[in-house]
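Shown next, in structure tokens, is the structure this report addresses.
The values are calculated or read from the model by the stated rules, or taken from the named source; none is laboratory data. These figures come from a predicted structure and were not determined experimentally. Neighbour counts run over all protein chains shown; Cβ positions are idealised from the backbone, glycine included. The area values use the complete protein model at the heavy-atom level, side chains included, leaving out ligands, DNA and RNA. Shrake-Rupley method; radii C 1.70, N 1.55, O 1.52, S 1.80 Å.
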Amino acid sequence: MNDPAVARTASARVHQEQERERRRRPGGTRRRATAAVLVRAALIATGLVTVYYVLPLDGRSTTGTSALLACGLLLVLVIFSWEVRAIAHSPYPRLKAVEALAATLVLFLLLFAGTYYLLEHSTPGSFSEPLTKTDSLYFTLTTFTTVGYGDVAPRTQTGRVLTMVQMAGGLLLVGIAARILAGAVQAGLRRRGREPSDDFASRPED
């Protein structure tokens, strides 16, 4: 028969070994990992914004614009699902979640900015004034941050429907997607039996 006391002793030894291994792990490794993730997140955001401005967004019909938005949102979901799996298997789940959120959020915003730009050029008058790419991005951020509209606002029914879709998507991204990422982080930490603080710089030892 298995002795519960022996099992508890063995479990305690395993925990002590894990704790000693964690303390032996050099803090510099975690700091380098943190710096690397922040740099990658910045590069991802910069790269996506650059593509947004460089990409020749030609005139499309309203139907084509809607189809492009639907395909783009599907791509965001695919990338997000892949990132969630990557977080659960990452040695630094929380840091990976920061990188995943940066990529997903920026792609989501730029997708709508491009859609608004195409809509204004395929159906002039959809907004209160003609939109450049910067204007479209400005309007997208205004909608996402819910600060209220000033000089740019949707006028046509299509423009308002797309704006409502972005509002709903933004709420989902901030609410449900954030919870999914947090769950993936916790799963990654449990998978390795690690403390949540392991992703960041080591604390001073007592």
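Using a Förster distance of 25 Å, how high is the FRET efficiency between residue 142 and residue 182, based on the Cβ-Cβ distance and rounded to 0.05?
Working: r = 27 Å, r/R0 = 1.09.
Result of the calculation: an efficiency of 0.35.
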Can you check what the net charge comes to around residue 138, using other residues whose Cβ is under 15 Å from the Cβ of residue 138 (Lys, Arg +1; Asp, Glu -1)?
-3
Run the accessible area of region 46-172 with a 1.4 Å probe and give the carbon-and-sulfur part as a rounded percent.
71
Can you pull the one-decimal nm distance between simple spin-label points at residue 160 and residue 79, each 7 Å off the Cα toward Cβ?
3.1
Given a Förster radius of 25 Å and the C-beta distance between residue 31 and residue 190 as r, what FRET efficiency does 1/(1 + (r/R0)^6) yield to the nearest 0.05?
0.55
Probe 1.4 Å, protein heavy atoms only - accessible area per residue of region 74-120 in square angstrom:
38
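Would you please put 173-185, 84-96 in order of how densely packed they are, using the mean number of other Cβ atoms within 10 angstrom per residue and starting with the highest?
Working: 173-185: 16.0, 84-96: 20.1.
Ranking, from highest mean packing down: 84-96, 173-185.
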Quick one: if the Förster radius is 35 Å, what FRET efficiency do residue 68 and residue 38 give, using the C-beta to C-beta distance and rounding to 0.05?
0.65
